[in-house]
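Derivation of every value follows stated rules applied to the coordinates shown; laboratory data play no part. Note that the coordinates shown come from a computational prediction; the quantities given were computed from them, not determined experimentally. For neighbour counting, all protein chains shown are included, and Cβ atoms are generated from backbone atoms with ideal geometry for every residue, glycine included.
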Amino acid sequence: MLWYKTLHIIFMITWFAGLFYLPRLFVYHATSNDEISINRFKIMERKLFWGIMTPGGILTIIFGIYLIQFHEFLLWLQVKIFLVVLLGLYHVWCGKIMYDFKNNRNEHENENESVFNVCFHCGRVFNVCFHCGRVFNACFHCGRVFNVCSPNSKSETKPKTKYKTKYN
């Protein structure tokens, strides 16, 4: 299970790196005027979307679906799945904007792209705070998640042996 969780995290980081960077490319693309820069941004957007973001998103979701079987279907998991669905819709929306840029149908101005970028970052910060809050809440209030948070955890008790040694 740890390999799947590790791969899930690695592909999530690649997916989010692309989701963070693509709107910035849209801003640069919207403000560029010369043909060389416009063609360069089209290539960069296409490679980022199809080479990094889409495989990262697909593999994140695949490993996430596999990891669901190890958890109870509690409220935090339902909220997380809902947020992943929203991220998937955001990913598709980025693809639509990229396709519009590719066909020289730029209907977006620099201000709109900046708002687009800020809205995503606010949502991502909320998701990270939600996830970290759930982990820290479980660790510090429950005391059983990592078996080191509570002074009464089982890992701190000495094992009892049958025979007395000089080390007991």
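In this structure, is ILE97 among the β-branched types (Val, Ile, Thr) and exposed (fewer than 15 other Cβ atoms within 10 Å of the Cβ)?
no
Residues checked against (1) of a type in the set (Ser, Thr, Tyr); (2) touching a Cys at 6+ places or on another chain (Cβ under 9 Å); (3) in a helix (DSSP H, G or I); (4) closer than 20 Å to ASP100 by Cα:
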position: ILE9; (1), (2), (3), (4): no, no, yes, no
position: LEU19; (1), (2), (3), (4): no, yes, yes, yes
position: LEU25; (1), (2), (3), (4): no, no, yes, yes
position: ASN33; (1), (2), (3), (4): no, no, no, yes
position: THR60; (1), (2), (3), (4): yes, no, yes, no
position: LEU67; (1), (2), (3), (4): no, no, yes, no
position: ILE81; (1), (2), (3), (4): no, no, yes, no
